[in-house]
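**Q** The structure follows.
The values are calculated or read from the model by the stated rules, or taken from the named source; none is laboratory data. No experiment lies behind these values; they were computed from the predicted model shown. Here Cβ is always computed from backbone atoms with ideal geometry, including for glycine, and neighbour counts include all displayed protein chains.
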Amino acid sequence: MNDWIKIGRLSDIPRLGARTVETAQGQVAVFRTQDDEVFALFNRCPHKGGPLSEGIVSGRVVVCPLHNWTIDLVTGEATAPDEGCTRPVVVKLVDGDIFLELAVSKKVAHG
Amino acid sequence: MNAIPRQKLVVIGNGMAGMRTVEELLKLAPARFDITVFGAEPHPNYNRIMLSSVLAGEKQVDDIIINTLDWYRDNGITLHTGNPVMSMDPAAKTVTAASGLVVPYDRLLLATGSKPLMPPLPGLDLPGVVAFRDIADVEKMLDAADKKQRAVVIGGGLLGLEAAWGLRRRGMPTAVVHLMDTLMERQLDVEAGHLLQKDLTERGLHFFMGGQTEEVVGTSRAEGLKLTDGRTVPADLVVVAIGIRPNVDLAKSAGLDVNRGIVVGDDMKTSDDAVYSVGECVEHRGQVFGLVAPLWEQAKVCAASLAGDPDAIYVTPALSTRLKITGIDVFSAGQLAAQDEADEELIYRDSAKGIYKKLVLRDSKVVGAVMYGDVADGAWYFQLIREKADVAEMRDRMIFGQAYADVSCKGKGGVDVAAMSDDAQVCGCNGVSKGAIVKAITEKGLTSLDEVKAHTKASASCGQCASVVQAILAHTTGEVVEAKAAGMCGCTDLSHDAVRHEIIAQKLKTMDAVRGALGWHNHDGCAKCRPALNYYLLCAWPAEYVDDGQSRFINERVHANIQKDGTYSVIPRMWGGLTTPSELRAIADVADKFKIPTVKVTGGQRIDLLGVKKEQLPEVWADLNKAGLVSGHGYAKGLRTVKTCVGSEWCRFGTQDSTGLGVKLEKLMWGSWTPHKVKLAVSGCPRNCAEASIKDIGIICVEAGYDILVGGNGGIELRGTDYLTRVATEDEVLEYSGAIMQIYREEARYLERTAPWVERVGMDYVKKRILDDESGRKAAYARFLHSQKYAQIDPWAERVAGVDAHQFKTLAEVE
Ligand code: SRM
Ligand SMILES: Cc1cc2nc3c(=O)[nH]c(=O)nc-3n(C[C@H](O)[C@H](O)[C@H](O)COP(=O)(O)OP(=O)(O)OC[C@H]3O[C@@H](n4cnc5c(N)ncnc54)[C@H](O)[C@@H]3O)c2cc1C
Ligand code: SF4
Ligand code: FES
């Protein structure tokens, strides 16, 4: 599949921060960790739809700004005891450029 | 014109109910009365309940002092100890003390407690005969214990058994003479009473049941008892603990209505409008009292009444009893046995383990509980009694305890705090529920029993529930912070205080430096420690530290409050609550131009624009900036609002320019970052229209100057301010307030507001820093001014000029 869409450069996103991308399927949050890894999730918290892009990022998790659920950036799953999952988006980083693959989203782990 | 003169309140009786009333009153109306307290005993107020523990050697006298002499001084209370009031004159409104001192009052509080009941027995006046009521009695008993004498206690009730056990613990051979055939017959049924007697006999006490004392024998001092049936009990110490009698002498001779106790109405007033009464000396609707739980309730109502609340009404709460003998668990509440055909009894008996439980049911409701040996579910049964809950559903299981009654919960053995419901009462003395304890633990980050006691008063009276409180603490912190109770978060074992200390000591100036030097487990920290570290560094190194936006909660990162739909609210500053037509016009124009759905006047005397989209924020701010409006920091752990009233400029009662002073304070403090949000208010007179007494720092103007109040909170847990001091000039208000602010900034833990901070460090400490140490105060004020140089930059203007532009734009739009 060659549906990679370039959305910007790594340097556009602050370390331990996120930016949003508008897509036909909804808003996507693209996160950058301390170690310059990049992850993308649909920008809706599984709890009550909070904008995850506005949360505090650390390690490979983001804490939702509305009620503090902790969401795993890799799987989109909420950390116990909370339960729920937000859809992850496949993302890759090539020479500082960030690409999303929107046609085939990663499978949701469950739920 | 003058400030309202304080009224004179005289309190007779420096005991538990009287002083609790004063404490409650200081919370409600700290400035209303000049208070004078007379105590017959030579001590400051102490926890009488704990005398049993002092006797048993589990506590020292010093441990049971409730209010130290400093406390009286700091609250401006005049205390006369060892100086009983001998008479009162309701017509002249004066009292006369043993020393001859005559003190006038506007309001009088009688809190004289009760006297030990002394039977009319021959020999009762011999040396060696004591009651069990106060420190002096305990001292006499300890003296006898030192001499390894023999003791006999008359009375097998709660008090008598605690006395007997204490003496036994001190090594004295001790006997108990009890009139009835079972112990504690008022609290226990026959079966539980027998189990208790068996246990206490095994622990070395001797019992003379059904024994009526005829006389105390002895010539120059007590040598023993002679009972009416001829039995004799040799003893060198005779303790009389057969009951108490309300201490009504003063009230009676002053002509107040007195039956068994001093008659009070629902507002705790006696038959004289100026005289109130609380405690064991009162009689309310025919009832007299002998336990502290109802007294706490009376204290609350009486304080409200004294503070001018006409609606405060006392209702006697349901009562439960426990015996404070370590290792013996007894609990009872309500009816002890079925009284007629309509009542049912559920009984559980395990004689091998010495466990006995009985519930009395009527109409599918629990009306009584008696427990021996295993009292873990006492609080739960007591709650069912108070709530008059229908228990038909769980009738078959409930005798086994809450864990079994509620099948969905797995019992864990012991006190199953997990299975306890939130409103289950844990501390009966102070009426503290499990929920309140859990809330205090989680919100305030409490980690020790003492902290929980200080914040909730749970287990602060009789201490019986301490183990349950401890279990709740373990359970709560164990789950919430994964057993790292003392650490800041999962990233470190160090406490907030330790981290702050190291930041300064090791001159750590970046977050990486802190995490590296102090061995953080996660190299980039977590959402809990990062905002705290960011604040600590900013506070420690105001000129050097570069703020880390990514470690801030979204509101502080984008300088607006996120709403539930992801839009934001925008609150511009209105200095001291003042605004102008042109500011209002600018706000109206912005609301129109950006189609802002809601415009609201906030609780902080300014205007909130709600429902602004994130991308619009810089444009909205640009327009507001043009009209001179800057960020109100409505989102910040920083200075929020300074509320004011109209003051002397307009108000016919205003004593000073409260509005102008409010503006000065806000101009002084705006932009500062603090451990938690900070709110101020300035009221122009003690009518206090700006609600200064529930603010972090409150100023109340009076004719003679300005009263400075600290540590108030009108939020989740209402707390009235503590009175700090009165100053004469506005400049002093600024200096004192700035210094308080800086000490709070430097020493409170992140997310700790001034109210819990003041409770933790104590008002004495705040006074020491601000009042007693003039150069320290001035230095703190100077540090505050220094840090403000770097803080007072309007964040909105910065962002309008392009700072953090990426925050307000999407990265890309794709198909
Ligand atoms: C807007 C306002 C309500 C209103 O429409 O009047 C408000 C709104 C919020 N308050 Fe408040 N509080 C507002 C006045 C108050 C007051 C009254 C006052 O300041 O005189 C109090 C009680 C006084 C006090 O703080 O002691 C108050 C006690 C709280 C608390 C409890 C704080 C506590 O220590 O117990 C919270 C929760 C917190 O801060 O953790 C809170 C939290 C909030 C938050 C920030 C909840 C949140 O996290 O989203 C709300 C933000 C709404 C928004 O986006 O604007 N708000 N809040 C008021 C803004 C005042 C202003 O002009 O800045
Ligand atoms: C050993 C012991 C154990 C107890 N254990 C428990 C328990 O486990 N649970 C429980 O709920 N309750 C317990 N109680 C009961 C509890 O202590 C009382 O209910 C409570 O102290 C009553 O408070 P009060 O303010 O009415 O009286 P007090 O605390 O007795 O205060 C009255 C004060 O007024 C003073 N006074 C009297 N007349 C004058 C005067 N004319 N001028 C100046 N001062 C005067 C007295 O000296 C006294 O200091 C216990 C009591 C004792 C003695
Ligand atoms: S009281 Fe405050 S926090 Fe609660 S809903 Fe109202 S504004 Fe929000
Ligand atoms: S919406 Fe994310 S935690 Fe509630």
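**Q** In the stretch B:779-815, how many residues are more than 11 Å from chain A (Cβ to nearest Cβ), outside any helix (DSSP H, G or I) and over 17 Å from B:ARG573 (Cα atoms)?
**A** Total meeting the criteria: 3.
Yes or no, residue by residue, for (1) assigned to a helix (DSSP H, G or I); (2) touching a residue at least 12 places away in the same chain (Cβ under 8 Å):
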residue	(1), (2)
B:TYR536	yes, yes
B:SER569	no, yes
B:GLY576	yes, yes
B:ALA586	yes, yes
B:ASP592	yes, no
B:LEU609	no, yes
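**Q** Applying the selection to the stretch B:614-655, what residues are within 21 Å of B:GLU730 (Cα to Cα) and surrounded by fewer than 24 Cβ atoms within 10 Å (Cβ to Cβ)?
**A** The answer is B:VAL646, B:SER648, B:GLU649, B:TRP650, B:CYS651, B:ARG652, B:PHE653, B:GLY654, B:THR655.
**Q** Also: With (1) modelled with pLDDT under 95; (2) away from chain A (no Cβ under 13 Å) as the list, and B:TYR536 as the residue in question, which single condition is left unmet?
**A** With (1) modelled with pLDDT under 95; (2) away from chain A (no Cβ under 13 Å) applied to B:TYR536, the lone miss is (1).
**Q** Mind checking which residues of the stretch B:211-259 are in contact (Cβ under 8 Å) with a residue 60 or more places away in the chain, surrounded by fewer than 18 Cβ atoms within 10 Å (Cβ to Cβ) and either more than 16 Å from ligand 2 (Cβ to nearest atom) or of a type outside the set (D, E, K, R) (or both)?
**A** Within the stretch B:211-259, B:GLU214, B:GLU215, B:SER220, B:ARG221, B:PRO234, B:GLY243, B:SER253, B:GLY255 meet the criteria.
**Q** Considering only the stretch A:87-111, state which residues are within 13 Å of another protein chain (Cβ to nearest Cβ) and modelled with pLDDT under 90.
**A** Answer for the stretch A:87-111, where residues must be within 13 Å of another protein chain (Cβ to nearest Cβ) and modelled with pLDDT under 90: A:GLU101, A:LEU102, A:ALA103.
**Q** Just checking, which of B:LEU196, B:LEU183 is in contact (Cβ under 8 Å) with a residue 24 or more places away in the chain, under 17 Å from B:VAL375 (Cα atoms) and buried (at least 22 other Cβ atoms within 10 Å of the Cβ)?
**A** B:LEU196
**Q** Determine which member of the set A:GLY49, A:GLY26 is among the small types (Gly, Ala, Ser), away from ligand 1 (no atom under 16 Å from the Cβ) and without any contact (Cβ under 8 Å) to a residue 24 or more places away in the chain.
**A** A:GLY26
**Q** Here is a further query. Do you know which of the residues in the stretch B:534-576 that are among the hydroxyl-bearing types (Ser, Thr, Tyr) and more than 11 Å from ligand 1 (Cβ to nearest atom) is surrounded by the fewest Cβ atoms within 10 Å (Cβ to Cβ)?
**A** The selected residue is B:TYR545.
**Q** Here's something else I'd like to know. Does any residue of the stretch B:49-72 turn out to be in contact with a strand residue (DSSP E or B) (Cβ under 7 Å, 6 or more places away or on another chain) and modelled with pLDDT of 95 or more?
**A** Yes, the stretch B:49-72 contains at least one residue that is in contact with a strand residue (DSSP E or B) (Cβ under 7 Å, 6 or more places away or on another chain) and modelled with pLDDT of 95 or more.
**Q** Quick one: B:ARG530 ticks every box in (1) in contact with a strand residue (DSSP E or B) (Cβ under 7 Å, 6 or more places away or on another chain); (2) within 16 Å of ligand 1 (Cβ to nearest atom) except a single one, so which number is it?
**A** Condition not satisfied by B:ARG530: (2).
**Q** In the stretch B:236-249, is there at least one residue being in contact with a His (Cβ under 8 Å, 6 or more places away or on another chain) and modelled with pLDDT under 95?
**A** Scanning the stretch B:236-249, I find no residue that is in contact with a His (Cβ under 8 Å, 6 or more places away or on another chain) and modelled with pLDDT under 95, so the answer is no.
**Q** I'm trying to understand the selection: among the residues of the stretch A:62-86, which are at the interface with another protein chain (Cβ under 8 Å from one of its Cβ atoms) and either of a type outside the set (S, T, N, Q) or farther than 16 Å from A:THR33 by Cβ (or both)?
**A** Scanning the stretch A:62-86 gives A:VAL63, A:PRO65, A:LEU66, A:ASN68.
**Q** For the stretch B:675-753, which strands (runs of 3 or more DSSP E) that fit wholly inside it have 3 or more residues that are crowded, with 24+ Cβ neighbours inside 10 Å and at pLDDT 95 or above?
**A** It comes to B:678-683, B:697-702, B:705-710.
**Q** I'm checking my understanding of the structure. Among residues of the stretch B:513-533 that are surrounded by fewer than 15 Cβ atoms within 10 Å (Cβ to Cβ) and assigned to a helix (DSSP H, G or I), which one is nearest to the other protein chains (Cβ to nearest Cβ)?
**A** The selected residue is B:GLY516.
**Q** List, please: which pairs have Cβ atoms under 7 Å, are six or more places apart or on different chains, and start with a residue in the stretch B:757-784 that is farther than 24 Å from B:ILE441 by Cβ and end with one that is in a helix (DSSP H, G or I) and of a type in the set (S, T, N, Q)?
**A** B:ALA780/B:GLN742; B:TYR781/B:GLN742; B:ARG783/B:GLN742; B:PHE784/B:GLN742
**Q** Now a separate question. I need every pair where a residue in the stretch A:3-21 that is at the interface with another protein chain (Cβ under 7 Å from one of its Cβ atoms) has its Cβ under 6 Å from the Cβ of a residue that is part of a helix (DSSP H, G or I), sequence separation at least 6 or different chains.
**A** Partner pairs satisfying both residue conditions: A:PRO14/B:GLN550; A:LEU16/B:GLN550; A:GLY17/B:GLN550; A:THR20/A:SER53.
**Q** Within the stretch A:70-86, which residues are part of a loop (DSSP other than H, G, I, E, B) and modelled with pLDDT of 90 or more?
**A** A:LEU73, A:VAL74, A:THR75, A:GLY76, A:THR86
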